[in-house]
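Right, one structure below, let's go through it.
The values are calculated or read from the model by the stated rules, or taken from the named source; none is laboratory data. Just so it is clear, the structure is predicted and the values come from calculations on it, not from any experiment. Every residue, glycine as well, gets a Cβ built from its backbone with ideal geometry; the counts of neighbours run over all protein chains shown.
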Amino acid sequence: MNQGWRERATLGFLAFAFLNAQLSQSALAQSGRRGIVRDTEIELLLRDYAAPIFQAAGIGKGSIRIALMDDRSFNAFVTDGRRMFINTGTLMDAKTPNEIIGVIAHESGHVAGGHLTRQREQMAAAQMMAVAGVLLGAGAMVAGSGSRGSNTGNGGVGVMLGAQELAGRTLLSYQRGEEQAADRAAIKYLEMTSQSPKGLLDTFKRLSDDMMFKTEGIDPYLMSHPMPQDRIANLETLVMASGNYKAKDPAGLQARHEMMKAKLLGFVGKPEEVNRKFPLSDTSLPARYAHAILDYRYKKTNESLAAIEDLIRARSENPYFWELKGQVLLESGRAREAVTALRRSSGLAPDAGLIRGLLGRALLATGEESNLPDATRELSNAVQREPDDLETWRSLSIAYGNQGNIGMAEYSAAQEAFLIGDQQSAVNHAAKAKKLLPPGSPTALKADDILNYRTKRLN
């Protein structure tokens, strides 16, 4: 029995998934295997890409969070209408910001159109159709079993398989329609923001070339997305007619895009890949950035720090160069020096919770009692901005514990355990915290939330 169509719980950009035994796991399952990448510089750039598109789509500010997936393939998808995932491979392959903006516009079309909610409804209806067919077929099999030599039993099997096939095709047809609607919405949002839809079309063309051999001979009615060549044909006329077709990305945005790609390549690429993209003769800022990160990854600390100093001399007001310097120093056991670099980084990007969390960990790593109040303050500020950062909660628990504030240490440990998914440990720490915290205080009430969540889960 082929159940692949039931497993697709996300709306993807260009998955080209089709209903057969080779259907890959859902993007949501993939996210559990590969994990989320966090980086302030990249996340801020993606927010800048998305902000005008979200506004055009009527998506409220802060209502969707863009997360970066650790996956070198080209894909993006939305899950529950509150989270949009973009693969690292998507960012690394995109030649211009406009290509990524086009991807975001397409996914925004899914969100604004309420596609995920309606897809769940369609999936439920398709499942009911399949179940009804199974029951009808089973009844035919039972009836046929009473007649010796009858073929009614085989007919019952045919009814069951036919019902499932029809249910699958119905759902896939619906999904193809939503993909086309999201494409049209993307062009609309790009027009509203005076941006070219060319990047969207270029992306489809490139992926079409990559996917052509995979879709050759496949029944188009067994695909959840339109056939690549059909999709391009439908879009090309609309894109070419756009008054913004020749619009270019601002030079500053393109420069940030190139720095983002270099950063990702430095962190995830193989040395030969980095050297091929950025030979040593290349003295551009992105090239130096990629090599500084590559040296850091391969424990060439002195070479990395020298390269970072060179970057800082070129752009002393760039908070991410100072952040990288602090990270290298901290991980090489030079916490005091790391604090100096991270204070500069945090001063240049005061709203960056991840940087403040790293500064707090550096202060804690100095082992100096005099730094504990500053470490606690920075870590507390960080978790307010990044409440899902479990490493910062862990460090905050240690900082409070070292100052004898056991109630807050237990509460912070409860938050860390909760994020990990260790509900029993979360409850144990929250119960200890509640006994030590002032009754009715905000933190005591938050500890109650953890206890009540556990109670609800048990009922």
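Worth pointing out:
- With respect to the conditions (1) outside any helix (DSSP H, G or I); (2) modelled with pLDDT of 75 or more; (3) touching a Phe, Trp or Tyr at 6+ places or on another chain (Cβ under 7 Å), ASP249 lacks only one, and its number is (3).
- Given (1) modelled with pLDDT of 50 or more; (2) of a type outside the set (Phe, Trp, Tyr); (3) under 18 Å from VAL103 (Cβ atoms), number of the condition HIS225 does not satisfy: (1)
- Considered as a group, the residues in the stretch 255-309 that are among the β-branched types (Val, Ile, Thr) and touching a residue at least 24 places away in the same chain (Cβ under 8 Å) include one that is surrounded by the most Cβ atoms within 10 Å (Cβ to Cβ), and that residue is ILE293.
- Residues (closer than 24 Å to ASP249 by Cα and either modelled with pLDDT of 95 or more or among the small types (Gly, Ala, Ser) (or both)) located in the stretch 74-85: ALA76
- Among the criteria (1) crowded, with 22+ Cβ neighbours inside 10 Å; (2) in a loop (DSSP other than H, G, I, E, B), the one ARG361 does not fulfil is (2).
- The stretch 49-106, residues that are part of a strand (DSSP E or B), closer than 14 Å to LYS261 by Cα and in contact (Cβ under 8 Å) with a residue 24 or more places away in the chain: LEU68, ILE86
- Selection within the stretch 324-336 - buried (at least 17 other Cβ atoms within 10 Å of the Cβ) and part of a helix (DSSP H, G or I): LEU324, LYS325, GLY326, GLN327, VAL328, LEU329, LEU330, ALA335
- Odd one out for PRO439, checked against (1) assigned to a loop (DSSP other than H, G, I, E, B); (2) surrounded by 15 or more Cβ atoms within 10 Å (Cβ to Cβ): (2)
- As a summary of the residue check, VAL339 satisfies the conditions (1) touching a Ser or Thr at 6+ places or on another chain (Cβ under 7 Å); (2) surrounded by fewer than 22 Cβ atoms within 10 Å (Cβ to Cβ) except for the one numbered (2).
- Some residue of the stretch 322-330 being within 13 Å of ALA365 (Cβ to Cβ) and of a type in the set (Gly, Ala, Ser): yes
- The residue that is farthest from TYR320 (Cα to Cα), among those in the stretch 44-57 that are of a type outside the set (A, V, I, L, M, F, W, C) and surrounded by 17 or more Cβ atoms within 10 Å (Cβ to Cβ), is PRO52.
- The stretch 410-447, residues that are within 28 Å of the chain's Cα centre (by Cα), of a type in the set (Asp, Glu) and within 15 Å of SER397 (Cα to Cα): GLU416
- Hits in the stretch 188-200 - residues which are assigned to a helix (DSSP H, G or I) and touching a residue at least 60 places away in the same chain (Cβ under 8 Å): LYS188, TYR189, LEU190, MET192, LYS198, GLY199, LEU200
- Any hit, the stretch 413-436, residues being surrounded by 16 or more Cβ atoms within 10 Å (Cβ to Cβ), farther than 22 Å from VAL37 by Cα, modelled with pLDDT of 95 or more and among the acidic types (Asp, Glu): no
- Scope the stretch 277-334; condition touching a Phe, Trp or Tyr at 6+ places or on another chain (Cβ under 7 Å) and over 18 Å from PHE267 (Cα atoms); matching residues: ILE312, ARG315
- The stretch 228-246, residues that are polar (S, T, N, Q) and either closer than 21 Å to TYR49 by Cβ or at pLDDT 90 or above (or both): SER242, ASN244
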